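Presented below is the structure to which this report refers.
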Amino acid sequence: MTQLPETTDRKLGLVIDLDTCVGCHACVISCKEWNTGGYGAPLADTDAYGDDPSGTFLNRVHTFEVKPENKPAMVTHFPKSCLHCEDAPCVTVCPTGASFKRSEDGIVLVHEDHCIGCGLCAWACPYGAREMDAVEKVMKKCTLCVDRIYNENIPEEDRTPSCVRTCPAGARHFGDLGDPDSDVSRLVADRGGFDLMPEQGTKPVNKYLPPRPKQQSLDEPVNLAALAEPKASGFLGWLDGALERLG
Amino acid sequence: MHPAYSVIFFTVASGAGLGLLAFMGLGAASVGAQPMPFLLTAFGLAFALTVGGLLSSTFHLGHPERAWRAFSQWRSSWLSREGVFAVVTLVIGAIFAALWTFLDLSSAILGIVTAILALITVWATGMIYAQIKAVDLWHRLLTPVCYLLFSIAGGTTLFLFLHALFTDKQEPVWELSSVAMVALLIAWVVKVFWWLGGDKAPTSTPESATGLGHLGKVRLLEKPHTGSNYLQKEMGFHIARKHAKRLRLIAIMLGAVLPILLILLAIPAPFDAFWLGLAVVSHLAGMLVERWLFFAEARHAVMTYY
């Protein structure tokens, strides 16, 4: 059913901390590892060891440079996966009903046996969260690890999305963003979490936390090479100065 | 956006076919009995173009064998609505065509219903693109209007050509020729406005896409991967933009200017089907260029991340 639910009981999603992310891509790899053997068709690679490797990923880490005026540029690593939008445009455009948003927890999923591979949902998503698998010819997207979070066959600490479980920096958080008292909601409130592309009107559930302000702003970059110059003292220092003065 | 040839052919062919079917439907009320070879050819061409276009649109699907499922989500999806309307149009249009061709019954009511359904189908095709907010160029009311006007212009020009082919009247057909020329003119003038209105600043920027705009100017430092990916192949198509201005001019020349001149040339008696045939071919060639540009020029919001 491609009509969106009016409300969902919970709004499960991720909170991604752009201040903490170190850009290690561990979440990308663990996502691919889990999801290539988990829900639905595997995530294919084509020409993996050749000249033009390409593959399906549900999570990717971009790296941006932000250049404030009159200040040195800063680097921000930027993980991006499905935002499980409340007004998900990818769901309503689907002609077959393969795309749907669950009313119980708000997760956006693809019923791969019903997907005709028309690609319209990937066009409708402004975030690039959906990728057509080059081998299976069906649309793949983040499932919020729906086969982990409710899975009673794995230890309780593993019942969280693979990307969150693996992040060594603790930059990814998972929880119910519909509950104002949840850890993730409080984190968003404390740190000023924001939506990506709010102008697209998709109402994303996933939130991003901004980089914290730098502790000191450096007007002029320090000349590090000068700090490494050896400084002589005592007799050698006097000799050094005397020889300098001689020209 | 990546211009898939199957979709370009589909939208041009089914647009012209449905336009011709709509014109035949409206004509039924006024013209009455027509020679059977004319009706056979006109309806045959209309159905061949429409069905051929619809079939070609399934070629770009990953799983064409599941295409029947696409009729199910008409409540929310314009693609589904287009499929439903196309089938209903073809079924009612086939009854209308068979009654007129084989039993000489030109039902005005069935004709008008067929015409309306055909034009709604074309509107739905335009809405498939217009509904996509992530593509600024498409997300406008003028997009389905252009699809509709091009369909009417193409259908009218085709009808004029077939009319000339099957009648040996030695007098000018001013009325029909004028209708075709006006239809062509209106469609392409609106298209020029569509182009002019589309050349504006993008809705989403790297700053809004990353939410880091309050800190400064944002630019991509490193892509998420060394190779390319599906998103870049599907949404990141740049080749056309370099030649966009020239290709727009070629589209206007082939699609509008040349067909109108050829129709003018064909008006004086003897009414000549040859020139009108050329007008149809030229118009369709212009439409293919226009449709290619429609995809190739469109920028997708996701490219702000690349």
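The values are calculated or read from the model by the stated rules, or taken from the named source; none is laboratory data. Values in this document were obtained by computation on a predicted structure and should not be read as measured data. Here the Cβ is made from the backbone with ideal geometry for all residues, glycine too, and neighbour counts use every protein chain on show.
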Which of the residues spanning region A:223-235 are among the hydrophobic types (A, V, I, L, M, F, W, C) and either loosely packed, with under 10 Cβ neighbours inside 10 Å or in contact with a Ser or Thr (Cβ under 6 Å, 6 or more places away or on another chain) (or both)? A:224, A:225, A:226, A:227, A:228, A:235
Can you report the number of residues in region B:228-266 which are farther than 28 Å from residue A:140 by Cβ and crowded, with 18+ Cβ neighbours inside 10 Å? 12
Collect the residues in region A:145-177 that are small (Gly, Ala, Ser) and assigned to a strand (DSSP E or B), keeping them in residue-number order. A:175
Please go through region B:62-120 and pick out each residue that is touching a residue at least 12 places away in the same chain (Cβ under 8 Å), under 18 Å from the mean Cα position of the chain (by Cα) and within 14 Å of chain A (Cβ to nearest Cβ). B:78, B:79, B:81, B:82, B:83, B:84, B:85, B:86, B:87
Of those in region B:184-222 that are more than 22 Å from residue B:247 (Cα to Cα) and part of a helix (DSSP H, G or I), the residue farthest from the other protein chains (Cβ to nearest Cβ) is B:207
Within region A:33-75, take every residue that is within 7 Å of chain B (Cβ to nearest Cβ) and closer than 21 Å to residue A:174 by Cα and give me the one that is farthest from the chain's Cα centre (by Cα). A:62
Residue under question is residue B:58, and the condition is that it be out of contact with any Asp or Glu (no Cβ under 8 Å at 6 or more places or on another chain), more than 7 Å from chain A (Cβ to nearest Cβ), among the hydroxyl-bearing types (Ser, Thr, Tyr) and surrounded by 20 or more Cβ atoms within 10 Å (Cβ to Cβ); does it hold? no
Look at region B:63-105 and say how many of its residues are assigned to a loop (DSSP other than H, G, I, E, B) and buried (at least 22 other Cβ atoms within 10 Å of the Cβ). 2
Going by the structure shown, is residue A:142 in a loop (DSSP other than H, G, I, E, B), crowded, with 24+ Cβ neighbours inside 10 Å and modelled with pLDDT of 95 or more? yes
Could you please give the count of residues in region B:122-138 that are more than 7 Å from chain A (Cβ to nearest Cβ), farther than 27 Å from residue B:20 by Cα and surrounded by fewer than 22 Cβ atoms within 10 Å (Cβ to Cβ)? 1
Any hit, region B:203-217, residues being crowded, with 17+ Cβ neighbours inside 10 Å, hydrophobic (A, V, I, L, M, F, W, C) and closer than 18 Å to residue B:293 by Cα: no
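Let's see how each residue does on (1) on the phi < 0 side of the Ramachandran plot; (2) of a type in the set (Lys, Arg):
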| residue | (1), (2) |
| --- | --- |
| B:179 | yes, no |
| B:191 | yes, yes |
| B:211 | no, no |
| B:226 | yes, no |
| B:233 | yes, yes |
If I filter region B:233-241 for residues that are within 24 Å of the chain's Cα centre (by Cα), within 14 Å of another protein chain (Cβ to nearest Cβ) and at pLDDT below 85, do I get at least one hit? yes
Here are some conditions: (1) more than 14 Å from chain B (Cβ to nearest Cβ); (2) among the hydrophobic types (A, V, I, L, M, F, W, C); (3) over 19 Å from residue A:78 (Cα atoms). Residue A:138 meets all but one. Which one does it not meet? (1)
Filter region A:120-135 for residues that are more than 8 Å from every other protein chain (Cβ to nearest Cβ) and crowded, with 23+ Cβ neighbours inside 10 Å and give the result. A:121, A:129, A:130
With the requirement that a residue be at the interface with chain B (Cβ under 9 Å from one of its Cβ atoms), surrounded by fewer than 21 Cβ atoms within 10 Å (Cβ to Cβ) and not in a loop (DSSP other than H, G, I, E, B), what does region A:90-119 give you? A:92
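Just to check your reading of the model, which residue among A:213, A:180, A:204, A:221 is in a loop (DSSP other than H, G, I, E, B) and either small (Gly, Ala, Ser) or under 15 Å from the mean Cα position of the chain (by Cα) (or both)?
Exactly one of A:213, A:180, A:204, A:221 is in a loop (DSSP other than H, G, I, E, B) and either small (Gly, Ala, Ser) or under 15 Å from the mean Cα position of the chain (by Cα) (or both), namely A:204.
Matching residues to (1) under 30 Å from residue A:204 (Cβ atoms); (2) β-branched (Val, Ile, Thr):
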| residue | (1), (2) |
| --- | --- |
| B:102 | no, no |
| B:124 | yes, no |
| B:139 | yes, no |
| B:149 | no, no |
| B:155 | no, no |
| B:163 | no, no |
| B:182 | no, yes |
| B:201 | yes, no |
| B:212 | yes, no |
Leading residue by the ranking (surrounded by the fewest Cβ atoms within 10 Å (Cβ to Cβ)) among those in region A:183-201 that are part of a loop (DSSP other than H, G, I, E, B) and touching a Phe, Trp or Tyr at 6+ places or on another chain (Cβ under 9 Å): A:195
Go through region A:38-82 residue by residue and tally those that are among the charged types (D, E, K, R) and either outside any loop (DSSP other than H, G, I, E, B) or buried (at least 19 other Cβ atoms within 10 Å of the Cβ) (or both). 5
With the condition kept exactly as written, say whether any residue in region B:27-38 is in a helix (DSSP H, G or I), under 14 Å from the mean Cα position of the chain (by Cα) and over 13 Å from residue B:162 (Cβ atoms). no
